[in-house]
1. Give me the pairs: first residue in the stretch 263-283 and touching a residue at least 60 places away in the same chain (Cβ under 8 Å) and on the phi > 0 side of the Ramachandran plot, second residue surrounded by fewer than 15 Cβ atoms within 10 Å (Cβ to Cβ) and assigned to a strand (DSSP E or B), beta-carbon distance under 9 Å, and six or more apart or on different chains, which are they?
2. Answer yes if at least one residue in the stretch 234-242 is of a type in the set (A, V, I, L, M, F, W, C) and within 26 Å of Gln324 (Cα to Cα), and no otherwise.
3. For residues in the stretch 1-11 being assigned to a helix (DSSP H, G or I) and in contact (Cβ under 8 Å) with a residue 24 or more places away in the chain, which is surrounded by the fewest Cβ atoms within 10 Å (Cβ to Cβ)?
4. Would you pick out the residues in the stretch 32-81 that are of a type in the set (S, T, N, Q) and farther than 14 Å from Gly100 by Cβ?
5. How many of the residues in the stretch 153-190 are in contact (Cβ under 8 Å) with a residue 12 or more places away in the chain, within 24 Å of Leu90 (Cβ to Cβ) and either of a type in the set (Gly, Ala, Ser) or assigned to a loop (DSSP other than H, G, I, E, B) (or both)?
6. Does the stretch 214-235 contain any residue that is of a type in the set (A, V, I, L, M), under 22 Å from Ile178 (Cα atoms) and at pLDDT below 95?
7. Just a yes or no: is a residue in the stretch 271-280 surrounded by fewer than 14 Cβ atoms within 10 Å (Cβ to Cβ), out of contact with any Ser or Thr (no Cβ under 7 Å at 6 or more places or on another chain) and assigned to a loop (DSSP other than H, G, I, E, B)?
8. From Arg232, Arg228, Arg218, which residue is surrounded by fewer than 19 Cβ atoms within 10 Å (Cβ to Cβ) and over 21 Å from the mean Cα position of the chain (by Cα)?
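The values are calculated or read from the model by the stated rules, or taken from the named source; none is laboratory data. Given the structure is predicted, the values throughout are model-derived calculations rather than measurements. With ideal geometry, Cβ positions are generated from the backbone for all residues, glycine too; neighbour counts draw on all protein chains shown.
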Amino acid sequence: MAEPLKNLLHPGLVTDIARHISRHAPDFDTARFTRLATDGMEALELMQRSERIREALAETLPADYAVAANILRQALPNDGKPGLSGWALLPVNQFVSQHGLEHFDLSLALLKALTPHFTAEFGIRRLIHAEQDRALAEISGWTTDANHHVRRLVSEGTRPRLPWAMRLPALVKDPQPILPILIALLDDPEDYVRRSVANSLNDIAKDHPTLVTDFVERHIEGASTERRQLLRHASRTLLKKGDAKALANFGFAAAKDIGATLSLATPVVVFGDKLGLSITVTNEDAAPQRLMIDYAIHHVKANGSLAPKVFKWKQLDLPAGGRQTIDKDHAIRPITTRVYYPGMHRIEILINGAVCATADFDLRME
């Protein structure tokens, strides 16, 4: 069984936070901070635990935000010396977000210093929401920073729909202000940064599909392998939906005269085992076709309804009259992002975004 996410924040980590802070603030009340931060922690989930620690920081750090921010910055790792890092910095993100709006430049500088040791994408969003133009004017200059974590913060922190974080409604409505940032990072040397750019574009595609398909069309001609991979990842939601322009950007057209036969090796799946599936695809058209094959599993929800999740599978170039069989094992096992329920599930085969075959399987929680 996977370790619960909430255990990333635990009493031992609270003790470490207190130790690193007290090195730079001799008057810091470590006992009170520890007591406040761990009170009832066992019953709290991850973000609740982080908020509890954030509240404890607010209660025990100096009331003067500038002084508190300086202590937190000094408590970061420096010159090979250990300091606040990893998940210990999630509540620090929240502290800056909650208390740092009136010290805008100081808070941005702290988050920039923090992000190489965890990520400041959670803390920076409230600043962007509060003063978007001011924030973007500053962080746009970070696209050329020598540290790739800082460059990633520019794209990740401005994502309109960042998971686990507050949305940026102004950028959901109009993402144009962040497009220059994404363009500046399209060919970043770090895959870590490029994937963030792709995720931001994928966020935008959920509200502005044409903007993203046009963006991809403008930037794909003559693209390097790395940029092409970025643009493909940015288009994943639109490709899964069978968006015609997105498909065309990558050389796919609506499939014509394609036959697809689906069979399940495991029509009954016991939780923890694998769903075995096999499809035979036939090109009955007179011309070769480029095919993008995905599959959707319609999972049973708590109320008995079905909710689809699309998974990428395979790309085929099938000649006229060609036939190919491909197999897949899909693991159905415990994961932190899904709760499984027993019952009849459905699987659909998608070829260039269109449903071409379906089958049902019974999931049993034995």
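1. Gly272/Ala331
2. Scanning the stretch 234-242, I find at least one residue that is of a type in the set (A, V, I, L, M, F, W, C) and within 26 Å of Gln324 (Cα to Cα), so the answer is yes.
3. The residue in question is Pro11.
4. Thr34, Thr38, Gln48, Ser50, Thr60, Gln74, Asn78
5. So the count comes out to 12.
6. no
7. yes
8. Arg218
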